[in-house]
1. In region 111-126, what residues are touching a strand residue (DSSP E or B) at 6+ places or on another chain (Cβ under 6 Å) and not in a strand (DSSP E or B)?
2. Return the only residue of 129, 108, 99, 29 being in a helix (DSSP H, G or I), modelled with pLDDT under 95 and more than 19 Å from residue 15 (Cβ to Cβ).
3. Could you check, for region 45-68, whether at least one of its residues is over 15 Å from the mean Cα position of the chain (by Cα) and at pLDDT below 90?
4. Going through region 41-58 one residue at a time, which ones are surrounded by fewer than 17 Cβ atoms within 10 Å (Cβ to Cβ) and not in a helix (DSSP H, G or I)?
5. Filter region 26-40 down to the residues that are loosely packed, with under 13 Cβ neighbours inside 10 Å and closer than 16 Å to residue 65 by Cα and list them by number.
C-alpha cells in the first residue's frame, strides 16, 4: 500500500508518504528506492542519499528481526514507513507490529544503533504494547 498525504502535518509544503510492504528482506529495496527518491527531491548529495538508504535499511533490518521472532502474527505482517518531507529535512518512521510487549530493540551501544546514529542527524526508537518503531531524520545542509 502506498499513499501520499499532502499537508498532513499541517505545515505548508510538507508531504507525508505512507508505504507498507510485507515484513520480508525481499522488499527492503522498495523502501531504499523510495528513500533515495524523496531525498533527491530535497537535493541531498549522492553521499547523503546513500547514507539515508543505508540508515533506512539498517532500521528496517532491526525491525524485521523483531517481526521474525513473532510467528504468532502470521504471514501478513507489514513493515510500514512514514516519510515526512519538509522544506529542509526528511524524516522516516518505520514500524512493525509486536507479538509480545516484551520485545526490545537493540540498545544504544549496539553496532546497529551506532550505524544509525552516524548516518542520520536524529535517531529514536519506540516500543509500545503493539508496535516497535525507529524514527530517522536527515536535515538538508544549509
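1. Residues satisfying the conditions are 116, 117, 120, 121.
2. 29
3. Scanning region 45-68 turns up at least one residue that is over 15 Å from the mean Cα position of the chain (by Cα) and at pLDDT below 90.
4. 43, 45
5. Answer for region 26-40, where residues must be loosely packed, with under 13 Cβ neighbours inside 10 Å and closer than 16 Å to residue 65 by Cα: just 26.
The values are calculated or read from the model by the stated rules, or taken from the named source; none is laboratory data. None of the values given here were measured: they were computed from a predicted structure. As a convention, Cβ positions derive from the backbone with ideal geometry for all residues, glycine included, and neighbour counts pool all protein chains shown.
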